[in-house]
Amino acid sequence: MPRSSIRRIFSAVKELTDRGEQVIPLHIGDPDFELPPRIATGVAQAISRGYTHYGPVRGITPLREAVAKHVAHRFGIPCADASAPNGDALSMEHVIMSQGATQALNAVLQLTCDRGHTVLLPEVHFPNYMQQCVLAGVRAKLYPLDDNFQPQLDQLDELVDESVKAILINTPSNPTGALFSPSVIHYLYRFAQRYNLWIISDEAYMDYVYDSEYQSPLSVDWEQPPELRRVLAVMSFSKSYAATGLRIGWTVCPRVSLAQQLGLMNEPLVGSITTPLQYGLIEAFREDDTTVRRQSLNKRRLLAAKVLNEHGFKVEPVAGGMFYFLDISATGLDSDTFADRLLAEEHVAVVPGSGFGLEPSYHADGSVEFAPNELAARCVRLCFAVPSDTLTDGVKRLAQFYSRYFRRQSAGSAGNL
Ligand SMILES: Cc1ncc(COP(=O)(O)O)c(C=O)c1O
C-alpha cells in the first residue's frame, strides 16, 4: 500500500521542527478554526452525564435524526419523521454514523465493490481512496481530468467493463479545489445509470464553495424512486465544523436496506461510534456558523491568488475547498523535488502532487505497483486554511522560489539550444 504523500511531508516537517527550525505549514488540510464552543460544551456535558458507554452501532438516534433533517433541508430532499419513515423521504434510517468520512469511505467502498471489482477514481484524488482500494482488494481505474481538473466526460465510456461497479466523485476536490458544475454532475449521474454503477460521493468540502452553487449528486438521486437510487453520500463534521480531531462523519444511503448493511459493517470496523462526541455534535447544526468559516476561508482563498499573481505565478482563484493545486512543471522539477527543496531552502511545507495521482498496475500474482501520473506529478498542493500573515509569507516565498527555478530552467533551456 502506498504511503500517503501528506504523511511523508508531515514527517519531513517534524524532523525540521524537532531541530528547532520554523516551518510555514501550508501542507496540512486542517483549518485553523477552533471547535465551536457549543460543541465542546455539549461533549463535556455528555461526559459528565455519563454518556461514556458503548452506543448503538449505527450511531445515536438524536444525532442521526439531526443529520437527516440537516441534509434534507440543505439539498431540498423531503424529510420523513423518524417514527414514520417513508422510503421516498429521507429519515434517520438512511443515515449511518462513522469515525470520520475516512471510515465511511472505506466501508462504502467495500459495500459497493467486492474483491476483484473495479472502482473509477478521479485521475487526481485524495490518497486514502487508493489505500482503501488496496486494503479491500478492489482495483482502481483513474478517469482522466482536463487541465482545469474537470472530468473528460467523452473518455468515461471506454473505462467501463464488467468489473466496474462504482464511480467516486469528490467535489469540491481535495487536492484540486475544482467544483463540478450541475451539468457535469447530471452527466456523471446519467453515465452511472447507463452502466448501473454506484456513485460514491465524497462531500467532505460541501460547505466550502465560494462563488457558485454547490450541486450534490444526492439531490439528483432523490428525484428517483428508492429502488433506482445509487448515490452513497459521505459527509463529515471535520471540515465544516472545525472538528477534524473528533473523527465523526456519516453516510446518507439511498435505501434503508442498504443503510442496514452499512450499519452492520460498523460492528467489525469500529464496534460503535464515540458516544460523548456524538452527543456534542448534535449541537453543531443548532447555529449556522459555517457561513462565517466559509467567508473567512474565502478571504484567504483570494489572498493566496492575489499574492501568487503579484509574484508572477498566474492562477485563478479555486472554486471550492481549501487548496490550490499548483502546476510547477515550468521549473523543470517534479513535484517531490519541488516540495523537498522548497522545504529545505524556504522552510515552506507543501505536499507533492505525485501522491495524489498514483496509477496502479496490477500483476497476475496479485501484487500492485504504482507510478505517479503526469498531471499529478507536475503539481504541488498548498492549503490556504492558515492565518493570513502566515499565508502571505508562505505563498510569497513559494512564488519567489518558483520564479528562481523557472529562470534557471529557462536559462538552461536557452543554453541547450
Ligand atoms: C476529500 C476528503 N475526503 C475525506 C476526508 C476525511 O475526512 P474525515 O476527517 O471526516 O475522516 C478528507 C480529509 O482530509 C478529505 O480531504
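The values are calculated or read from the model by the stated rules, or taken from the named source; none is laboratory data. All values derive from a computational prediction rather than experimental measurement. Backbone-built Cβ (ideal geometry, glycine too); neighbour counts: all protein chains shown. Just the protein is used for accessible areas: all its heavy atoms, side chains included, with ligands, DNA and RNA removed. Shrake-Rupley method; radii C 1.70, N 1.55, O 1.52, S 1.80 Å.
Annotation: of all residues in region 31-45 being under 18 Å from Lys299 (Cβ atoms) and within 15 Å of the ligand (Cβ to nearest atom), the one that is surrounded by the most Cβ atoms within 10 Å (Cβ to Cβ) is Pro31. Listed by position, the helices (runs of 4 or more DSSP H) inside region 215-289 whose residues that are open to solvent by 30 Å² or more (accessible area, probe 1.4 Å) and farther than 29 Å from Ala192 by Cβ number at least 2 are 275-281.
State whether one or more residues within region 243-257 are touching a helix residue (DSSP H, G or I) at 6+ places or on another chain (Cβ under 8 Å), within 16 Å of the ligand (Cβ to nearest atom) and among the polar types (S, T, N, Q). Don't jump to the end; show me each part of the working.
Applying the first criterion (touching a helix residue (DSSP H, G or I) at 6+ places or on another chain (Cβ under 8 Å)) to region 243-257 yields 243-244, 246-256.
Now drop any that are not within 16 Å of the ligand (Cβ to nearest atom), which leaves 243-244, 246-252.
Within this subset, residues satisfying the condition of being among the polar types (S, T, N, Q) are 244, 251.
Scanning region 243-257 turns up at least one residue that is touching a helix residue (DSSP H, G or I) at 6+ places or on another chain (Cβ under 8 Å), within 16 Å of the ligand (Cβ to nearest atom) and among the polar types (S, T, N, Q).
Touching an Asp or Glu at 6+ places or on another chain (Cβ under 9 Å) and at pLDDT 95 or above, is that true of Thr102? Lay out the reasoning, then the answer.
Values: touching an Asp or Glu at 6+ places or on another chain (Cβ under 9 Å): no; at pLDDT 95 or above: yes.
Judged against the criteria, Thr102 is not a match.
Just to be sure, is His125 within 18 Å of Ala192 (Cβ to Cβ), crowded, with 23+ Cβ neighbours inside 10 Å, touching a strand residue (DSSP E or B) at 6+ places or on another chain (Cβ under 8 Å) and not polar (S, T, N, Q)? Considered against the rule, which asks whether it is within 18 Å of Ala192 (Cβ to Cβ), crowded, with 23+ Cβ neighbours inside 10 Å, touching a strand residue (DSSP E or B) at 6+ places or on another chain (Cβ under 8 Å) and not polar (S, T, N, Q), His125 comes out as yes.
Summed over region 360-391, residues that are part of a strand (DSSP E or B) and open to solvent by less than 10 Å² (accessible area, probe 1.4 Å) total 5.
Listed residues Gln260, Gln215, Gln224, Gln193; which is more than 24 Å from Val164 (Cα to Cα), out of contact with any Leu (no Cβ under 7 Å at 6 or more places or on another chain) and more than 15 Å from the ligand (Cβ to nearest atom)?
Only one candidate qualifies: Gln215.
Report whether or not Ala304 is of a type in the set (A, V, I, L, M), part of a helix (DSSP H, G or I), under 30 Å from Arg49 (Cβ atoms) and in contact (Cβ under 8 Å) with a residue 60 or more places away in the chain.
On the way: of a type in the set (A, V, I, L, M): yes; part of a helix (DSSP H, G or I): yes; under 30 Å from Arg49 (Cβ atoms): no; in contact (Cβ under 8 Å) with a residue 60 or more places away in the chain: yes.
Against the criterion (of a type in the set (A, V, I, L, M), part of a helix (DSSP H, G or I), under 30 Å from Arg49 (Cβ atoms) and in contact (Cβ under 8 Å) with a residue 60 or more places away in the chain), Ala304 does not qualify.
Quick one: is Leu109 over 29 Å from Lys165 (Cα atoms) and within 16 Å of the ligand (Cβ to nearest atom)? Answer is no for this residue. Each residue in region 1-17 was checked for being away from the ligand (no atom under 15 Å from the Cβ), open to solvent by 40 Å² or more (accessible area, probe 1.4 Å) and within 27 Å of Ser388 (Cβ to Cβ), and 2 of them qualify.
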